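These notes concern the structure reproduced below.
The values are calculated or read from the model by the stated rules, or taken from the named source; none is laboratory data. This is a predicted model, so every value here is computed, not measured. Here the Cβ positions follow ideal geometry from the backbone for every residue, glycine too, while neighbour counts run over all protein chains shown. Areas reflect the complete protein model, heavy atoms only, side chains present, ligands, DNA and RNA absent. Shrake-Rupley method; radii C 1.70, N 1.55, O 1.52, S 1.80 Å.
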Amino acid sequence: VSADFGPSRQRPFYSLFSVDLTSAYSGKIQNYVRTFCFLNLDNTTTPGALVILDHMTAARPGIKKFWQVNTLTPPEATAEGVLLRNRDFGLDGQVSLRMLRPKPADRAVQILSGKEAYSVFGQFFTPPKPERPEANGHRVMFSPLREQASDVFLTVMSMSDEQAPELPLHLAELPEAFALTLADRMVVMSRTGSLLEQPLQVDVIAGGACQLLLTGLS
């Protein structure tokens, strides 16, 4: 659908990739566009963040959709999502996963561990290499509570040192776009998965310098 990075080609502040994944699924999915936007935050303790926007339309409302992330270490549930941690070679790091849409009240969250981690809706499978750490990992699954044909998943994953403070996050919903502010970065993304063709107005939060990224413009 669209792809870009910049403005510097050697040290880009953002990298964007949006792809139509409909053909990768069966007839159960009528339309699926996933957009990745990686932000170089230029921050020593929280150097980067990944914004993931999924637009999914199923053939009928009863088809349940799941958004999943895997981790080798036990995840910690939070009010906004989960915290993924890892420690090795004397270093520590974490990924703070905050799911903005569906809202917490509109979604269910499952954390599958042990034998449950390699099961698919009650059917269990044997890992090809049971001695590897991947065979004893964890799966986190988010799903909307309401049955509807179309759903949107909007997720922010911030990568940081374990002791780094959580970056301030704000989401504004425009008729045609999401306007997401993370620390001193603001990203505008299409709410429909299609390119934006109409004029739009974005209000930047006051309080200092801000980098504004407009994505998916026709």
Quiz item: Comparing LEU39, LEU145, LEU53, which has the greatest mean-square fluctuation in the GNM of the chain with Cα pairs linked when under 10 Å apart?
Solution: LEU145
Self-check item: Where labels lie 7 Å past Cα in the beta-carbon direction, separation of ALA105 and THR126 in nm
Solution: 4.8 nm
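In debye, nearest 20, what is the charge dipole magnitude of region 27-131 about its Cα centre with +1 on Lys and Arg Cβ and -1 on Asp and Glu Cβ, if you could check? Walk me through the numbers before you get to the answer.
Details: 13 positive and 9 negative charges, 116 e Å.
Dipole of region 27-131, to the nearest 20 debye: 560 debye.
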Quiz prompt | Listed residues GLN163, GLN198, GLN94, most fluctuating in the chain (Gaussian network, C-alpha, under 10 Å) | solution = GLN198
Quiz item: On average, how much accessible surface per residue is there in the chain, in Å², for a 1.4 Å probe, leaving out ligands, DNA and RNA?
Solution: 56 Å²
Self-check item: Reference-scaled alpha-carbon Rg (2.2 N^0.38 Å with N residues) for the chain
Solution: 1.08
Quiz item: Among GLY90, GLY27, GLY81, which one moves the most in a GNM of the chain with springs linking Cα atoms closer than 10 Å?
Solution: GLY90
Quiz item: So, with +1 on the Cβ of K and R and -1 on the Cβ of D and E, and no other charges, what is the size of the charge dipole of the chain about its Cα centre, to the nearest 20 debye?
Solution: 640 debye
Practice problem: Report the longest stretch of the chain that contains none of the chymotrypsin sites (Phe, Trp or Tyr not before Pro) sitting in a DSSP loop with at most 15 other Cβ atoms within 10 Å. | Solution: 126-218
Quiz item: Within the chain, what's the longest stretch lacking GluC sites (Glu not before Pro) that sit in DSSP loops with no more than 14 other Cβ atoms inside 10 Å?
Solution: 1-130
Self-check item: Translational diffusion coefficient (Stokes-Einstein; Kirkwood radius from C-alpha pairs) of region 107-218 at 4 °C, 1.567 mPa s, in µm²/s
Solution: 73 µm²/s
Quiz item: When DSSP beta bridges are limited to those with both residues in the chain, what percentage is antiparallel, rounded to the nearest 5?
Solution: 95 percent
Quiz prompt | Gyration tensor verdict on region 26-136 (Cα atoms; rounded if a/c is under 1.5, prolate if a/b is larger than b/c, oblate otherwise) | solution = oblate
Exercise. Give me the percent of the accessible area of the chain that comes from carbon and sulfur atoms, probe 1.4 Å, all protein chains in place.
Key: 54 percent
Quiz prompt | Vicinal HN-Hα couplings computed from phi for region 127-142 (Karplus, 6.51 cos²θ - 1.76 cosθ + 1.60; Hz; Gly/Pro x) | solution = x, x, 9, x, 7, 7, x, 4, 7, 10, x, 9, 10, 10, 10, 9
Exercise. Give, rounded to the nearest 20 debye, the magnitude of the charge dipole that region 105-218 has about its Cα centre when Lys and Arg contribute +1 at Cβ and Asp and Glu contribute -1 at Cβ.
Key: 380 debye
Exercise. Quote the relative contact order of the chain in percent (integer), defining contacts as alpha-carbon pairs under 8 Å separated by 6+ residues.
Key: 18 percent
